[in-house]
Amino acid sequence: MNFYHQIALTKIKGVGPKTARALLTHCGSVQEILETNASTLAKIPGVNSRTANEIAAKNYQEATEKEMAFVEKHQIKVLWIDNPDYPQKLRNCEDAPLVLYYKGNADLNKERMVSIVGTRNATSYGRKICDTLIEQMQSLDTTIVSGLAYGIDIMAHKNALLHRIPTVGVLGHGLDRIYPATHRETASAMLQQGGLLTEFPSDSNLDRQNFPMRNRIIAGMSDVTIVIEAATKGGALITAEIANSYNRDVCAFPGAIDQLYSAGCNYLIKTNRAHLIRDAKDLCYLMNWETSEKQTGIQLPLLPPELNKDQLHLYLFLQGKQQVGIDDITRYCNWPQSKLAMILLEMEMNGHITSLPGKMYKI
């Protein structure tokens, strides 16, 4: 498939995921966006005249052709947001990138996706936790996601490779480089047992803001984010906060109260932003991975008469099912995350549904 128009949209100054969505909603297709005149584009809510003029000027053509040549030469997969290979869990997030660049052999839609993040200044305590946790995860049939950074990230990737667990690195730059360069060998091995994923095209600058943007992909494509070690400020806590905003599970390993790189984990646990875990067994319990295949006995309760239209819509979807994950609910209802969270809370408080570990729900 030719992704010229999709890539072109990412090359236009002032067009990010939200603006692109507004344009798509009104124009219907990427090609139509690029063929619409500036005055018409400027009337679209969320699109200013400067952005409209940038689109109409078609200054993106040379950069787009260069990017097309790069992805073809290096056999990089271009994943548009409606591509079946695009991470489905990430697609449910409101600020998901419209285009991802991917190289590797890992299934980005594996049933169990676990992100592992932490400080760049890992201590011996953090290294031991990372080693042990990933060794225990060999039998869980998971894919491990991280950011290929110094510290906990690269340890997670290396341990995954050691124990033959697929691992995906999400980059804050294009696939024309590896940063830091010392991780090039590990990144190369990941192409054979995992992959490298980014929203940034080649020749992207290593801008500071790229890395928080990268973190939303790590959180969004995962069922659960695990923080092994972290200070009270830094990328790991940003990833945890993003995961919480996506209604995903967050876990953290506690540490000594006087240790700098345990302070962030302890804070997440203290403020109920993360579940406390000690090992893979705790992870399985919290994610409901131990019992999901053992539960039997489906019951069909009568419909509660006090349900409103939206609640009834969700109730009928859950009815007859043992349990349903938040991603399946999101795809079915197609509501904004804020609306879905409120309806789930109301139904749980009224006793119509039950919340299970692992962001699972049942009647």
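None of the figures in this text is laboratory data; all of them are computed from the coordinates on show. As the structure is a prediction and not an experimental result, all values here were calculated from the model. No Cβ is skipped: glycine too gets one built from the backbone with ideal geometry, and neighbour counts run over all protein chains shown.
Separation of the stretch 193-244 from the stretch 78-145 is 10 Å, based on Cα centroids. Each label was represented as a point 7 Å from its Cα along the Cα-to-Cβ direction; for residue 62 and residue 5 these points are 2.5 nm apart.
Relative contact order (percent) for the stretch 3-100, with alpha-carbon contacts under 8 angstrom and 6 or more residues of separation? Each step should come with its number before you reach the end.
Details: 97 pairs, mean separation 31.3, N = 98.
Reported relative contact order: 32 percent.
For the stretch 171-297, would you read off the P(r) tail past 23 Å as a percentage of all alpha carbon pairs? Distances greater than 23 Å cover 45 percent of the Cα pairs. Modelled this way, with points 7 Å down the Cα-to-C-beta line, the labels at residue 53 and residue 306 are 5.8 nm from one another. Over 30 Å between C-alpha atoms is what I'm after, so list which of 13/158; 103/362; 89/270; 18/321 land there. Beyond 30 Å: 13/158; 103/362; 18/321. If R0 is 45 Å, the Cβ-Cβ spacing of residue 319 and residue 35 corresponds to a FRET efficiency of close to 0.45.
How large is the helix-only mean residue ellipticity at 222 nm for the chain, computed as the sum of -39500 (n - 2.57) over DSSP H runs with n ≥ 4, divided by its residue count, in deg cm²/dmol to the nearest 500?
So the helix-based figure for the chain works out to -12000 deg cm²/dmol.
For residue 309, a cut-off of 17 angstrom between C-alpha atoms picks up these lysines, skipping any fewer than 8 places away in its own chain: 339. Note on Rg/Rh (Cα atoms, Kirkwood Rh): of the candidates [x] 0.96; [y] 0.99; [z] 1.13, the value calculated from this structure sits at [y].
Only bridges with both residues in the chain count here: give the DSSP antiparallel percent, nearest 5. Write down the numbers at each step before the final one.
Details: 13 of 33 bridges.
Close to 40 percent.
Determine Rg/Rh for the stretch 309-362; Rg is computed over alpha-carbon atoms and Rh is the Kirkwood hydrodynamic estimate from the same atoms. Answer for the stretch 309-362: 0.90. Here the simple spin-label model places points 7 Å from the Cα toward Cβ, and for residue 341 and residue 123 these points are separated by 3.2 nm.
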